[in-house]
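Step one of this worksheet: look at the structure below.
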Amino acid sequence: MKPPVFIVGCGRSGTAFLYHTLLSAGGFAQFRTQLNVFDVLGPIYGNLSRASTRKRLMKMWLSSMAFQRSGLEAPSIEKRILADCRSAGDFERIVFDEIARSQGVDRWADSTPTNIYHMPAIKRSIPDAMFVHIIRDGRNVALSLDAKGWSHPLPWEKNMGVMAAGVYWRWTLLKGRAAAPALGRDYLEIIYEDLLSKPREALGHLSAFLHHDLDYDRIQKASIGALSNPPTSFKNEVDQGKFDPLNRWKRMMSAQDLELFESLAGDLLEAYGYELATPKDKLRTGLRVKRMRAVYTTLYNLKHWVRAHTTLTRFLVDYDAISIPK
């Protein structure tokens, strides 16, 4: 098998779009959902060195939608896991290797966005893993997260969903940047807007990184999944022929909302080349901005720690519910 690819990033940043771009290029195994090994299965089942734990894992996984979409035969994959799996990384590689072999290809990609929080652990357990961090304008990401109901503002700040999502976007990008140095040449950041506005250039850069032919014309001809049917949070735009994933924030965010949003996350927007709509002298630096950043950042850190380091994940996450078709 060629080195596996982990597509990571903040949710609603284009991970599905990038994954389907790779599938459309050819040479990658098709697994049209998320495996969620390092953020769900690993914390739930912990140390897989015990045969009894591996049996419990397989009993659950073989009844899941993720297994159904894998196309694998239960007896053969169960035999491999029980014999050769000793860690979450082993489970990931064995399952994906078997999917790739069954499809006659020699490479696979995992498009679970939340793997961005586990990149060092993934690299330790799968040493040849490569990481592509897709980054999208945080203003559009926040609008999409909030439209999906995934922004989770505090109960007394229900009208602050987009702002909470903006802090979450910033927090996620900082997590990715913090992990990047340890990944060295196996980590690449790619801008979602570049894939749409100058695809040949962006794909050329990605192709050189992955050592994989990403021919633009072949990709456009195949147009798998998100390339022909965008998984947008704003289906009404598609229905009305007004789909515009690049400039949505310009239509949907007021000057007042932009002022607060860019005060909260403008430093990362600028760091990645996104121009702010708010003049520098209008950006807020007062107590409200500091409080929101501190409170939501602490909340996200706490949630991540609980999910990654405690068995509460089994009660907090419905594995089948996150096996969304891609």
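Just one of the listed residues (Asp257, Asp217) is of a type in the set (Asp, Glu) and either free of Cβ contacts under 8 Å to residues at least 12 places away in the same chain or within 23 Å of Gly9 (Cα to Cα) (or both), namely Asp217.
One line per residue, one yes/no per condition, for (1) closer than 19 Å to Pro153 by Cβ; (2) surrounded by fewer than 16 Cβ atoms within 10 Å (Cβ to Cβ); (3) modelled with pLDDT under 95:
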{"site": "Ser254", "(1), (2), (3)": "yes, yes, no"}
{"site": "Thr285", "(1), (2), (3)": "no, yes, yes"}
{"site": "Tyr300", "(1), (2), (3)": "yes, no, no"}
{"site": "His304", "(1), (2), (3)": "yes, no, yes"}
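Would you check if Gly27 is on the phi > 0 side of the Ramachandran plot, within 23 Å of the chain's Cα centre (by Cα) and modelled with pLDDT of 95 or more? Taking the combined requirement at face value, the residue satisfies it.
Yes/no per residue for (1) crowded, with 20+ Cβ neighbours inside 10 Å; (2) at pLDDT below 95:
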| residue | (1), (2) |
| --- | --- |
| Gln68 | no, yes |
| Gly71 | no, no |
| Ile77 | yes, no |
| Ser87 | no, no |
| Ile99 | yes, no |
| Gln103 | no, no |
| Asp106 | no, no |
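Among residues of region 276-297 that are part of a loop (DSSP other than H, G, I, E, B), those with a Cβ under 6 angstrom from a residue that is at pLDDT 95 or above, sequence gap 6+ or separate chain, pair up as Leu276/Glu262; Leu276/Gly266; Ala277/Leu258; Thr278/Leu258; Thr278/Glu259; Thr278/Glu262; Leu283/Ser263; Arg284/Ser263. Do we have Arg56 as among the charged types (D, E, K, R), without any contact (Cβ under 8 Å) to a residue 24 or more places away in the chain, surrounded by fewer than 20 Cβ atoms within 10 Å (Cβ to Cβ) and in contact with a Phe, Trp or Tyr (Cβ under 9 Å, 6 or more places away or on another chain) here? Against the criterion (among the charged types (D, E, K, R), without any contact (Cβ under 8 Å) to a residue 24 or more places away in the chain, surrounded by fewer than 20 Cβ atoms within 10 Å (Cβ to Cβ) and in contact with a Phe, Trp or Tyr (Cβ under 9 Å, 6 or more places away or on another chain)), Arg56 qualifies. For the structure I just gave you, tell me whether Leu48 is of a type in the set (A, V, I, L, M) and in contact with a Leu (Cβ under 8 Å, 6 or more places away or on another chain). It is true that Leu48 is of a type in the set (A, V, I, L, M) and in contact with a Leu (Cβ under 8 Å, 6 or more places away or on another chain).
Suppose the filter is outside any helix (DSSP H, G or I), farther than 19 Å from Arg248 by Cα and not hydrophobic (A, V, I, L, M, F, W, C); does Pro120 pass it? Criteria not met by Pro120.
Residue-by-condition table, conditions (1) exposed (fewer than 12 other Cβ atoms within 10 Å of the Cβ); (2) assigned to a loop (DSSP other than H, G, I, E, B); (3) at pLDDT 95 or above:
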position: His205; (1), (2), (3): no, no, yes
position: Asp213; (1), (2), (3): yes, yes, yes
position: Gln220; (1), (2), (3): no, no, yes
position: Val238; (1), (2), (3): no, no, no
position: Lys242; (1), (2), (3): yes, yes, no
position: Arg251; (1), (2), (3): yes, no, no
position: Asp257; (1), (2), (3): no, no, yes
position: Leu264; (1), (2), (3): no, no, yes
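Could you tell me how many of the residues in region 179-193 are part of a helix (DSSP H, G or I) and not small (Gly, Ala, Ser)? Total satisfying the criteria: 6. Set side by side, the residues Ala271, Ala277, Ala308 differ, and just one is more than 30 Å from Ser63 (Cβ to Cβ) and surrounded by 14 or more Cβ atoms within 10 Å (Cβ to Cβ), which is Ala277. One residue stands out among those in region 3-58 that are basic (Lys, Arg) and touching a helix residue (DSSP H, G or I) at 6+ places or on another chain (Cβ under 9 Å): the one that is nearest to Ser70 (Cα to Cα), which is Arg32. Taken over region 176-215, residues that are in contact with a helix residue (DSSP H, G or I) (Cβ under 7 Å, 6 or more places away or on another chain) and either among the basic types (Lys, Arg) or on the phi > 0 side of the Ramachandran plot (or both) amount to 1. Highlighted here are the helices (runs of 4 or more DSSP H) found entirely within region 1-96 that include at least 1 residues which are in contact with a Gly (Cβ under 6 Å, 6 or more places away or on another chain), under 16 Å from Val132 (Cβ atoms) and not aliphatic (A, V, I, L, M): 15-25. For Thr311, the conditions (1) over 30 Å from Ser70 (Cβ atoms); (2) part of a loop (DSSP other than H, G, I, E, B); (3) touching a residue at least 12 places away in the same chain (Cβ under 8 Å) are fulfilled apart from (1).
The values are calculated or read from the model by the stated rules, or taken from the named source; none is laboratory data. Here the structure is a predicted model, which is why all the values come from computation and not from measurement. Note that we place each Cβ from the backbone using ideal geometry, even for glycine, and neighbour counts take in every protein chain shown.
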